[in-house]
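Novice: Sharing a structure, written as C-alpha cells. Questions coming.
Laboratory data are not the source of any read-out in this text; all were calculated from the coordinates shown. On a predicted model such as this, the values are computed, not experimentally measured, just so you know. A quick note on method: Cβ atoms are made from the backbone with ideal geometry, for glycine too, and the neighbour counts reach across all protein chains shown.
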C-alpha cells in the first residue's frame with residue numbers, strides 16, 4: 001500500500017476502522033487495509049460494498065477489487081481547499097456509514113437548517129468544481145454553503161453525527177444547533193475518561 005492510497009485516512013486508528021468495516025459488511029474478520037483505503041477514497045466503491053453486504057458473492061468480488069487500486073490523480077489536488085473539503089466529506093460519509101445511514105427527523109433537521117439560515121456565515125457557494133460536485137449552487141437556500149466549514153448546510157443539517165462550527169451568540173458554550181461547542185465537548189470527554197482528574 002502506498003502513502004498516496006491513505007491520503008484521506010485521517011480517522012486515527014486504521015486497524016479499528018478495518019475491524020468496524022468488516023463487521024458492517026458481515027465478515028468474521030477485519031477487511032484488508034487496501035479495502036478500507038479504497039472505501040474512504042472512492043465513494044462509489046464504499047456505496048457498492050454497503051449495498052452488496054447481504055450478497056456474499058458480490059461482496060467478496062468487490063473486496064478482491066481493492067488490491068492494486070490506485071487513487072486517481074486529479075487537477076483539483078493542487079487546490080488545498082478542495083482537498084480539505086473532500087477529506088471532510090469522505091470522513092463524514094464514513095461516519096454516516098457507521099451510523100447505519102441514520103438521518104435526523106424532519107423537524108430536527110429543519111430546526112438546524114433554520115439556525116444556518118440565520119447565520120451570517122451562510123453564503124452562496126463559490127463557483128468551484130468541489131461545490132458543483134456536492135450539488136451546491138447560489139440560486140437556492142438549500143444549496144448555500146457555510147463559510148466556517150465549507151459544507152453545504154442543508155445536507156450537513158440532516159446528519160446526526162455532524163456539528164455546527166459556529167458559536168451561538170445568545171447561548172455561551174453552545175453552537176447554533178444547541179450542541180456543546182467542540183472544545184467544550186472535547187473537555188467533557190476528557191473529564192469522563194479521567195484525563196482531567198487531579199493526580
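Novice: Compute the length gained on full extension between residue 110 and residue 29: take 0.36 nm times their separation in residues and subtract their Cα-Cα distance, giving the result in nm to one decimal.
Specialist: 25.2 nm
Novice: Sort 143, 121 by Cβ crowding within 10 Å, fewest neighbours at the top.
Specialist: The fewest-first ordering by Cβ neighbours comes to 121, 143.
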